[in-house]
Amino acid sequence: MNITVKIANVTFKNPVTVASGTFGHAERYFKLEEVKRLGAIVPKTVTFLPQVGNQPVRIFETPAGMINAIGIENPGIDGFIAQKLPSFQQIGVPLIISILGHTEEQFVGIIKKLNGQEGIAAIELNLSCPNLKHKVLVAQDPQATTRLVKKMKGLSKYPIIAKLSPNVTDISEIALAAEEGGADAVSLINTFTAMAIDVKTRRSRIGNFTGGLSGPAIRPIALYMVQKVASSVKIPVVGMGGIMTAQDALEFLIAGASMVAVGTANFVNPRAPVDVLEGIENFMKENKISDIREIIGSLKK
């Protein structure tokens, strides 16, 4: 049974990974044998300089999901390389490093530092974080997306994955812009900008005022966007957005995703990505499917 998938020149042993920001830098988990079964690991997004993140409250549970406004707390690229990357490299699972620059120069600086490291499978450009008070995200501007992706692709020795925001009118337009810039793949979706209000205090329940909505509540919309993008671009799509079970993941694969990322489910069940992987394998055995490519993009109209 072949469950390998490929992005650019990198072959992943299976299509299951984790969404950035949901797997953290929790070194104590890395020795677990089950983590080694994943197709790839995506650590929390790294910025050029260290960030302390947003003021609390950072997470608020909502029906069928949660709003988060962590603010990309991280040690910066130098701290990540010195303190975190060695632990990730020891796992033996392909690493997709998620990065975000507040300026183009910061993106360039991060790429150059990562070029000097080994054991990296790909770089994911976080173009879509809704929690940093930018007036317009790169992933909301087709021209800016093409320009930034093209520049990073020209600098990086690793494949480039562009992570897209759902907070746009037509996400396929942005995906095509990323493809035009030379992206090796696109990943989607990131969270929807959202908020919750305490009616007693009449204040936002989120310290940052707004945050990003994730979880099963967004899955049907994420699935639609993944299908739309997968039918528009020729490069692979990494699908995510409320995947909790293997059936959820299979829906994304059938819609056209080549890989799937488990996110919010990790907060509820740290074993969720492995459960999803095992469920996909069982589905293929039960239905006598010998190659994952028989599933990917097999949606009937």
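The values are calculated or read from the model by the stated rules, or taken from the named source; none is laboratory data. Every value quoted in this text rests on a predicted model; they were computed, and no experiment measured them. Note that each Cβ is placed from the backbone with ideal geometry, even for glycine, and that neighbours are counted across all protein chains shown. Side chains are part of the model used for accessible areas, which takes the heavy atoms of the whole protein and leaves out ligands, DNA and RNA. Shrake-Rupley method; radii C 1.70, N 1.55, O 1.52, S 1.80 Å.
Restricting attention to the stretch 200-218, the residues that are buried (at least 19 other Cβ atoms within 10 Å of the Cβ), assigned to a loop (DSSP other than H, G, I, E, B) and among the β-branched types (Val, Ile, Thr) add up to 1.
So in the stretch 285-296, with the set limited to residues that are part of a loop (DSSP other than H, G, I, E, B) and open to solvent by 10 Å² or more (accessible area, probe 1.4 Å), which one is nearest to residue 23 (Cα to Cα)?
Of the stretch 285-296, the ones part of a loop (DSSP other than H, G, I, E, B) are 287-290, 295-296.
Filter once more, so that each one left must be open to solvent by 10 Å² or more (accessible area, probe 1.4 Å): 287-290, 296.
Working: 287: 31, 288: 32, 289: 30, 290: 30, 296: 25 Å.
Among those that are part of a loop (DSSP other than H, G, I, E, B) and open to solvent by 10 Å² or more (accessible area, probe 1.4 Å), it is 296.
Of the set (1) within 19 Å of the chain's Cα centre (by Cα); (2) outside any strand (DSSP E or B); (3) closer than 18 Å to residue 126 by Cβ, all apply to residue 36 but (3). Sub-7 Å Cβ pairs linking a first residue in the stretch 111-122 that is under 16 Å from residue 91 (Cα atoms) to a second residue that is part of a helix (DSSP H, G or I) and aliphatic (A, V, I, L, M), at least 6 apart or interchain, are 117/81; 117/85; 120/114, ordered by first then second residue.
Set side by side, the residues 47, 62, 17 differ, and just one is under 14 Å from the mean Cα position of the chain (by Cα) and touching a residue at least 24 places away in the same chain (Cβ under 8 Å), which is 17. Scanning the stretch 84-97 for any residue that is out of contact with any Pro (no Cβ under 7 Å at 6 or more places or on another chain), open to solvent by 30 Å² or more (accessible area, probe 1.4 Å) and not in a helix (DSSP H, G or I) turns up at least one such residue.
Okay, residues lined up against (1) surrounded by fewer than 20 Cβ atoms within 10 Å (Cβ to Cβ); (2) out of contact with any helix residue (DSSP H, G or I) (no Cβ under 7 Å at 6 or more places or on another chain); (3) outside any helix (DSSP H, G or I):
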position: 123; (1), (2), (3): no, no, yes
position: 146; (1), (2), (3): no, no, no
position: 150; (1), (2), (3): yes, yes, no
position: 166; (1), (2), (3): no, no, yes
position: 174; (1), (2), (3): no, no, no
position: 178; (1), (2), (3): no, no, no
position: 182; (1), (2), (3): yes, no, yes
position: 187; (1), (2), (3): no, yes, yes
